[in-house]
Amino acid sequence: MASAAEQLASNLNFSTFAKAEDLKKRLWFTLAALLVYRLGTHIPLPGLNPEAYAQAFRGQAGGILGLFNMFSGGAVERMAIFALGIMPYISASIIVQLMTSVVPALENLKKEGEQGRKIINQYTRYGTVILGALQAYGIAAGLESGQGLVVDPGWFFRVSTVLTLLGGTMFLMWLGEQITSRGIGNGISLIIFAGIAAGLPTALAGTLELGRTGALSTPLILLVIMVAIAVIAIIVFVERAQRRLLIQYPKRQVGNRMFQGDTSHLPLKLNTSGVIPAIFASSLLLLPATIAGFASTTAMPSWATSIVAALGHGQPLYMVLYAALIAFFAFFYTAIVFNPKDTADNLKKHGGFIPGIRPGDRTAEYIDYVLTRITVIGALYLVFVCILPEILVSQTGIPLALGGTSLLIVVSVTLDTVAQIQGHLIAQQYEGLIKKSKLRGGKRGR
């Protein structure tokens, strides 16, 4: 028998959406905020020579700059005020999450509920400022080292660049928080989604242009499209897949009445780590090529040149290390975000238990046992989804926006946002049913 939530979800229609005024306001606010973000990606950084920078960027587009440009919606290519994007905030969030597992004071804050979460969020903001300032200064120094990239090099350019780029990142962080609280979906994820989605039409047009000029054959373009559709279908299936552990609660007595024990499920996602492993693995592997590109004016040792060549995009060593890093970060980040011991303690505190498993340490061991095995499947899924498109990207020269990482982010964020919209619609319909039942009860009372 379907649950009440599933029955409500099946009854959702356009009339339900038309009556959801609060949901429509949230959607309009989200669209307006993302429009502001897209406008900011076209405001250039002052003091640059646009022609010289465009030429220099084309030489580095295959390195980490190309990855950051994809995440920032083309802001790096134009060196706009949002060129740093939201990546410093994501890096700071991950660092703080890691520290909550090793620093006892932060671990205690995490257990204090809403108040502790606010303090941890404040630490994340401080970390964003520090990382953003360091990255912005590195960008300013890198631009000054280029030939003719900066119109008037000097400390004034460095300070203005740091303030502009850091201000852009802090504004995006604030905008993401506003989307989360007043809009629909996770604001930070939607900002990354908007940046990648904005580049998809250009990437598709570039692929078709390669076919028109004869650089790509028509069967190969069709193969790329079919692989993209298959990857999207796999992502949808796996991101919605769960391993549900049966949780049972004992019988309870209220007064002279005995109530039957309840049952529920503990859902464990097949891919608990999300898109973090793919982002981290890409960033680490593309870093040597980017550093080598900036250091091209100086003589590099032969061993360094060999390493950079072996780690080139599409090389066998690159693919092997890419797959290994994705698998490593899948397990590592899952261990950070999900603690079986805390879950087992919460179940024991509320009287819940897994049938056939003792509460406490044995429950934690069993949850860890199940989580480890489904994470193996999740890691293999991430490796497959990211490696297969990467092979096509490296062998055919199609744009990076059609790669596995970008498709994974776009589909995952879309699924989460649609789930939140459905949740608002279900809540709206549920409130309507409650109001109708109260009106009927009032009429019967009269």
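The values are calculated or read from the model by the stated rules, or taken from the named source; none is laboratory data. Keep in mind that what you see is a predicted model, and the values were worked out from it rather than measured. Here the Cβ is made from the backbone with ideal geometry for all residues, glycine too, and neighbour counts use every protein chain on show. The accessibility values were calculated without ligands, DNA or RNA, using every heavy atom of the protein model including side chains. Shrake-Rupley method; radii C 1.70, N 1.55, O 1.52, S 1.80 Å.
When the range 241-255 is examined, which residues are found to be part of a loop (DSSP other than H, G, I, E, B) and charged (D, E, K, R)? Let's see the steps before the verdict.
So the first thing to find is which residues in the range 241-255 are part of a loop (DSSP other than H, G, I, E, B), and the list is 241, 249-251, 255.
Of everything in the range 241-255, just one residue is part of a loop (DSSP other than H, G, I, E, B) and charged (D, E, K, R), namely 251.
Results for (1) at pLDDT below 70; (2) among the aliphatic types (A, V, I, L, M); (3) over 25 Å from residue 238 (Cα atoms), shown as yes or no for each residue.
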site	(1), (2), (3)
263	no, no, yes
267	no, no, no
277	no, no, no
282	no, no, no
286	yes, yes, yes
291	yes, yes, yes
298	yes, no, yes
302	no, no, yes
317	no, yes, yes
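Table: residues versus (1) surrounded by 14 or more Cβ atoms within 10 Å (Cβ to Cβ); (2) of a type in the set (D, E, K, R); (3) at pLDDT below 90.
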site: 9; (1), (2), (3): yes, no, yes
site: 13; (1), (2), (3): no, no, yes
site: 17; (1), (2), (3): yes, no, yes
site: 20; (1), (2), (3): yes, no, yes
site: 26; (1), (2), (3): yes, yes, yes
site: 32; (1), (2), (3): no, no, no
site: 37; (1), (2), (3): yes, no, no
site: 40; (1), (2), (3): yes, no, yes
site: 44; (1), (2), (3): yes, no, yes
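For the range 338-369, give me the residue count where each residue is assigned to a loop (DSSP other than H, G, I, E, B) and either small (Gly, Ala, Ser) or farther than 20 Å from residue 262 by Cβ (or both). Can you show your working first?
We begin by selecting, within the range 338-369, every residue assigned to a loop (DSSP other than H, G, I, E, B); these are 338-339, 350-352, 354-360.
Applying the additional criterion that residues be either small (Gly, Ala, Ser) or farther than 20 Å from residue 262 by Cβ (or both) yields 338-339, 351-352, 356, 360.
Looking only at that region, the number is 6.
Considering (1) open to solvent by 40 Å² or more (accessible area, probe 1.4 Å); (2) closer than 26 Å to residue 343 by Cα, say which one residue 126 fails and leave the rest.
That leaves (2) as the condition not met.
In the range 362-398, which residue that is charged (D, E, K, R) and at pLDDT 85 or above is farthest from residue 278 (Cα to Cα)? Please lay out each step first, then the result.
Step one: list which residues in the range 362-398 are charged (D, E, K, R), which gives 362, 365, 368, 373, 390.
Then keep just the ones that are at pLDDT 85 or above; that gives 362, 365, 368, 373.
Values: 362: 33, 365: 28, 368: 23, 373: 20 Å.
Per the stated criteria, the residue is 362.
Could you count how many residues in the range 313-344 are among the charged types (D, E, K, R) and either more than 30 Å from residue 365 (Cβ to Cβ) or in contact with a helix residue (DSSP H, G or I) (Cβ under 8 Å, 6 or more places away or on another chain) (or both)?
Step one: list which residues in the range 313-344 are among the charged types (D, E, K, R), which gives 341-342.
Filter once more, so that each one left must be either more than 30 Å from residue 365 (Cβ to Cβ) or in contact with a helix residue (DSSP H, G or I) (Cβ under 8 Å, 6 or more places away or on another chain) (or both): 341.
The number of residues fulfilling the criteria is 1.
Output the residue which, of all residues in the range 132-148 that are surrounded by fewer than 20 Cβ atoms within 10 Å (Cβ to Cβ) and over 18 Å from residue 54 (Cα atoms), is modelled with the highest pLDDT.
Among those residues, the one meeting the criterion is 133.
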